[in-house]
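The values are calculated or read from the model by the stated rules, or taken from the named source; none is laboratory data. Remember, predicted model here, so these are calculated numbers, not experimental data. A quick note on method: Cβ atoms are made from the backbone with ideal geometry, for glycine too, and the neighbour counts reach across all protein chains shown. Keep in mind that these areas ignore ligands, DNA and RNA; they rest on the heavy atoms of the full protein, side chains included. Shrake-Rupley method; radii C 1.70, N 1.55, O 1.52, S 1.80 Å.
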Amino acid sequence: MLTAYKNVVKKDHSLSTFGFGILGRLPLAMNTVGLVFLISSIRNSFALAGVASACYTLAGAFVGPRIGKLADVKGTRKVLIPITVLNAIAITAILTIGVHHTPALLVSAALAGATFPNFGSYTRTRWSRSLTDDRELGAALSLESVLDETAFVVGPALAGFLFAWHGSRSPLIGAMIFLLIAGFGL
């Protein structure tokens with residue numbers, strides 16, 4: 001039973017796919033928490049923090065599938081790199097002008113959510129195109145599911161740790177660094 005997992009891990013590029021995949025998933029779990037930390041501490045408003053986090057999440061839910069469809073048509077690389085750069089710009093806008101101006105914050109949060117790459121989809125697509133054995137593909141997709149769960153356990157905790165250690169901007173900065181590494185690495 002474990003043979004399929006061993007075979008997947010031994011494949012070329014498997015560790016980079018899993019590694020960049022987990023790094024790319026962490027920001028999704030960190031950003032909404034990071035937004036709440038940032039806005040509640042700088043603007044002293046949990047209501048505004050919640051609205052910004054909601055704008056981020058809803059925009060991602062609305063636009064994300066359309067970006068995924070575009071990646072299916074144009075190819076992952078042609079979509080992943082530009083969308084990663086746009087997301088980093090949107091996060092930078094939140095950190096610079098968004099913290100002081102409510103409309104800019106909400107627009108930047110929505111843009112950040114809308115442009116967040118779905119790394120789980122990209123890595124699963126990579127596996128489905130590179131593995132021909134159904135058992136190995138099933139094992140790879142199973143490991144990807146574990147990475148999804150791991151990101152949503154580790155991401156918020158990491159955001160909290162960064163907030164406590166380096167202040168209110170650090171969770172979003174850390175998430176952006178992970179995003180850029182994963183986006184260009186994958």
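Structural remarks
- Stretch gain in nm, segment Ile89-His13, where the contour uses 0.36 nm per residue and the Cα spacing is subtracted: 24.5 nm
- Computed E for Lys6/Ala157 - FRET, C-beta separation, R0 41 angstrom, nearest 0.05: 0.90
- Among 144-156, 5-17, the order from most to least packed when residues are scored by Cβ within 10 Å on average: 144-156, 5-17
- Exposure rank, largest accessible area first [Met30, Met176; 1.4 Å]: Met176, Met30
- Packing rank of 83-96, 130-143, where each peptide gets the mean count of other beta carbons within 10 Å, highest leading: 83-96, 130-143
- Dimensions (Å) - the range 5-111, Cα atoms, principal axes, largest first: 51, 29, 21
- Extension gain, Ala54 to Trp165, is 37.4 nm, computed as 0.36 nm per intervening residue step minus the present C-alpha separation.
- Gain upon complete extension [Thr132, Asp72; 0.36 nm per residue less C-alpha separation]: 19.7 nm
- Element breakdown for the range 57-129 at a 1.4 angstrom probe: carbon and sulfur atoms account for 69% of the accessible area.
- With Cα atoms defining each centre, the range 47-65 and the range 79-93 are spaced 16 Å apart in the structure.
- Using θ = phi - 60° and Karplus 6.51 cos²θ - 1.76 cosθ + 1.60, couplings along the range 120-130 (whole Hz; Gly, Pro as x): x, 5, 5, 6, 5, 4, 4, 5, 5, 8, 9
- Solvent-accessible area per residue in the range 1-75 equals 54 Å², computed with a 1.4 angstrom probe and all protein chains kept.
- Binned Cα-Cα distances of the chain, short to long, each 5 Å bin given as a whole percent: 1, 9, 17, 20, 19, 13, 9, 6, 3, 2, 1, 0
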